[in-house]
Amino acid sequence: MRAVLVFCAAALLGALFIAVPEIDRSVAALGYRPGAGFVLGQAAPFQFLHDAVPFLVALIPLGAIGFWLARRVTGREAAFLLLAVGLGPGLLANTILKDNWGRARPSHLSEFGGTKSFSPPLIPADQCPKNCAFVSGDAAGGFAF
């Protein structure tokens, strides 16, 4: 039952962003300062988190193997963690979606000092050739951790 509620909430939220794409730009604009860019992302705590995500995600498979070797998890549980991280943030988020979706990052949009056009969320675009804004690899890694 809980999974159904989470799915329904995610579907409604996705529908809201498709119906009112201006929400995306409005929220992004909150962190943008003309001439300075997205200042919050330049702050030390956020830079630290951004730089730490790959190391944190690497702890998952290392932890899974370590716990398996210490007999605290079964081989099946360790394999699940390895596959979940490898297929989720690794393959799906950072390779398939980011390299094929084409949605420009907010910092690349013309209204934020860039040269690219806004693309509504959840709709593939042609504004970015590789390592694009959708899906967030950092968020996928953070959620996996």
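What follows is calculated from the coordinates using simple rules that are stated; it is not laboratory data. Predicted model, so just to flag it, every value in this text is computed and none were measured. Quick reminder, even Gly has a Cβ in these numbers, built from the backbone with ideal geometry, and neighbours come from all protein chains shown.
Tabulated results
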item: Prolate/oblate/rounded label for the range 43-91 (Cα gyration tensor, a/c 1.5); result: oblate
item: Expected 222 nm ellipticity per residue - DSSP helices of 4 or more, -39500 (n - 2.57), all of the chain, to 500; result: -16000 deg cm²/dmol
item: Inverse of mean 1/r across different Cα pairs in the chain, Kirkwood, Å; result: 17.4 Å
item: Which of Pro89, Pro121, Phe48, positive extreme of dipole for the range 40-143 (C-beta unit charges); result: Pro89
